[in-house]
Each structure stands twice: as structure tokens, then as C-alpha cells.
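The values are calculated or read from the model by the stated rules, or taken from the named source; none is laboratory data. Nothing here was measured: the structure is a model prediction, and the numbers come from that model. In this analysis, Cβ positions are derived from the backbone assuming ideal geometry, glycine residues included, and neighbour counts consider all displayed protein chains. Remember, those area values only see protein heavy atoms, side chains included, never the ligands or the DNA or RNA. Shrake-Rupley method; radii C 1.70, N 1.55, O 1.52, S 1.80 Å.
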Amino acid sequence: MDIFDHSLRQLDGSELLNETYIKIISEDARNALEEFEPNSVHLVVTDPPYFLDGLDTKWRKGKPQPTKSTVIGGLPVGMKFDPQQGLDLQLFMEDIGGKIYSVLKPGSFALFFSQPRLSFRMSIGLEDAGFEIRDLYAWRFTKRAQFKAFTMDHFIDKMDLTQEKKAEIKQSIKNRRTPQLRPQFEAIILAQKPKEGTHVDNWLQYETGLIDASQSLDGNVPSTIMTVEKPKKDSFNGHLTVKPMQLIEYLIKLFSKQGQVVLDPFLGSGTTAVACHYTGRSCIGIEINQDYVDIAKQRLKEHGYEH
């Protein structure tokens with residue numbers, strides 16, 4: 001394992017927080033989690049892969065595996081509609097969800113980002129792994145969201161028809177496109193490992209299972225709609241789906257307390273690790289792609305993490 005590990009400093013850089021650290025493990029999460037102590041993690045915040053373009057069936061960066069479905073040629077894999085994608089994701093989430101479940105303390109929360117159309121499959125897989133599905137949140141954004149609905153001109157042009165007939169068909173379905181509205185939110189599934197006893201019993205034993213209702217994104221009480229714009233990425237960060245630091249910090253503070261351990265089994269470019277650095281939590285991040293591991297380490301350095 002490649003582990004990046006050192007004590008975590010407070011924002012003012014004064015004294016070290018006791019028992020806090022950042023670890024980045026360069027390995028497949030399904031293997032790495034087997035080595036964790038049971039009931040050792042307080043919170044999970046993660047964005048699992050869901051067959052994005054450039055990822056193969058082993059969840060690694062590289063050439064995508066061919067799909068058996070009939071799809072629109074030329075579109076990235078993540079944009080093709082394939083019902084099997086959801087079924088495969090459900091089985092994957094049941095598998096990895098069971099491993100995540102075992103390392104969480106009773107009552108602990110696990111937050112999983114998901115494409116909206118795949119969130120129900122992800123939820124079923126997590127529920128089959130033993131989790132209680134407590135809620136569904138929406139991370140709302142308004143900028144830098146591409147309208148991905150496609151016209152049919154490309155298909156009409158390939159039809160064995162006269163140009164006049166093609167023009168007639170195009171006119172008859174003018175402004176008709178594939179059913180993809182401009183995305184303005186991403187789903188966040190709130191799963192919970194069942195607590196032991198009452199809420200108070202569980203908190204006294206594990207300090208999990210209750211939210212910090214004093215946290216706020218906009219001055220109001222916490223709600224299921226969280227509006228934060230998509231972030232601008234550092235020039236060295238080539239990750240496809242970087243999450244806003246403000247949002248991840250908020251989720252960490254809402255669902256855990258200082259000094260606790262936060263796990264991200266799909267660390268990506270390291271936003272969860274950096275957010276833990278700023279909020280005084282320990283972080284264990286697992287990432288199979290070494291390029292992203294390197295980016296995460298660089299981001300931690302850029303944000304003042306000393307090691």
C-alpha cells in the first residue's frame with residue numbers, strides 16, 4: 001500500500017489535534033477494506049464510479065469495455081443509455097456496500113453521490129448490503145451544466161433517402177431531441193448502519209447517529225436541497241467529477257464531529273481528504289487510480305497539509 005500519513009494540523013497551524021491523520025491507500029477499495037478493523041469508521045462520504053467514460057469494468061482508467069446494448073454510436077460510455085448499467089451498479093454497490101458496512105460503527109452515516117437516474121439502483125444495492133436508506137438529497141448547481149439532448153439529424157443523414165425526403169423528416173421532428181434535460185442537480189443517498197438501542201444509547205457508545213443541526217450552507221436549517229456551484233479545478237487536476245470543497249466540508253460537519261474518522265473508498269482527486277484537513281477530522285482515502293492518488297497528494301500540499 002502507498003500511504004500518505006501524518007498528523008493533521010488545525011487551520012491556524014498551532015497545535016496538533018490528537019489522534020488525527022490523513023491516509024491515502026493506493027489500491028482497489030474492495031481489497032483494501034478487507035484489512036480494516038470492523039466498527040472503526042465514523043462516516044463515509046464518497047462518489048462511487050458508475051461506468052463513466054474512460055473507466056473499464058474493473059473501475060480503472062483505461063479503454064472502456066464494449067457494451068452489449070444497442071447504443072448511439074460516438075457518445076461517451078457514461079452518456080449511453082443501457083439498463084444493464086444500473087443492474088451492474090446495483091450488484092457492485094451490494095458488494096462494496098457490505099465491506100463499507102462492516103467497517104462503520106453502529107449508527108454511522110454513509111453519503112453516496114449518484115447520477116439521479118442511477119440512485120435507485122445504488123440504494124437497492126446498499127439496502128441489500130444491510131444499510132437503512134434514510135433520505136435522498138439533491139446537490140443543486142446552476143452553472144457549467146451541459147445540455148446533452150441530441151438531435152436526430154445524424155441518423156437521418158445516414159438514411160437511404162433523397163436529400164429532399166431527409167429535409168422533410170428533419171422539419172417534421174424539428175426541436176425534438178433525446179430525453180436529457182440540462183442537469184442541475186446530483187443525488188446524494190443518505191444510508192445508515194443500524195444503531196444499537198436508542199439514539200442516546202448509540203451516541204453515548206459510539207458518538208454516531210445524530211446530526212449537528214447547527215450547521216448551515218445558507219444561514220437556514222439543514223435541508224435536502226444543497227445549492228453549491230461546481231468548482232473550478234486546478235490546472236493539474238484532470239478528474240472528471242470534482243466535488244465542491246464547501247459542500248463536502250458541510251456534509252462532514254453535519255454528519256460527524258471533530259477528531260472522528262471519515263472514509264472515502266473512492267477518493268478520486270482528494271476533495272474529502274482536503275475537507276477533513278480543514279474540519280479537523282481524520283481521513284482514510286482509497287483510490288485505485290495512481291494518477292488520482294498523485295493529484296490528491298498535490299492538492300493536500302497546495303492546501304497546506306504538512307507531512
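Can you find even one residue in the stretch 177-195 that is open to solvent by less than 70 Å² (accessible area, probe 1.4 Å), more than 24 Å from the chain's Cα centre (by Cα) and modelled with pLDDT under 95? Checking the stretch 177-195: at least one residue is open to solvent by less than 70 Å² (accessible area, probe 1.4 Å), more than 24 Å from the chain's Cα centre (by Cα) and modelled with pLDDT under 95. Scanning the stretch 89-104 for residues that are charged (D, E, K, R) and either under 10 Å from MET122 (Cα atoms) or touching a strand residue (DSSP E or B) at 6+ places or on another chain (Cβ under 8 Å) (or both) returns a single hit, GLU94. For GLN163, the stated conditions do not hold, so it cannot be described as in contact (Cβ under 8 Å) with a residue 40 or more places away in the chain and either open to solvent by 30 Å² or more (accessible area, probe 1.4 Å) or closer than 30 Å to SER40 by Cβ (or both). Among residues of the stretch 123-160 being open to solvent by less than 80 Å² (accessible area, probe 1.4 Å) and part of a strand (DSSP E or B), the one that is farthest from GLU229 (Cα to Cα) is GLU132. For first residues located in the stretch 37-51 and farther than 23 Å from GLN85 by Cβ and modelled with pLDDT of 95 or more, partners that are of a type in the set (Val, Ile, Thr) and in a loop (DSSP other than H, G, I, E, B) and lie 6+ apart or on another chain with Cβ distances below 8 Å form the pairs HIS42/THR208; LEU43/THR208. Limited to the stretch 251-307, what total is found for residues that are open to solvent by 10 Å² or more (accessible area, probe 1.4 Å), out of contact with any Asp or Glu (no Cβ under 9 Å at 6 or more places or on another chain), closer than 16 Å to ASP47 by Cβ and part of a helix (DSSP H, G or I)? Number satisfying all stated conditions: 1.
Among the residues making up the stretch 90-110, those that are buried (at least 20 other Cβ atoms within 10 Å of the Cβ) and within 21 Å of ASN202 (Cα to Cα) are ILE100, TYR101, VAL103, LEU104, LYS105, GLY107, SER108, PHE109, ALA110.
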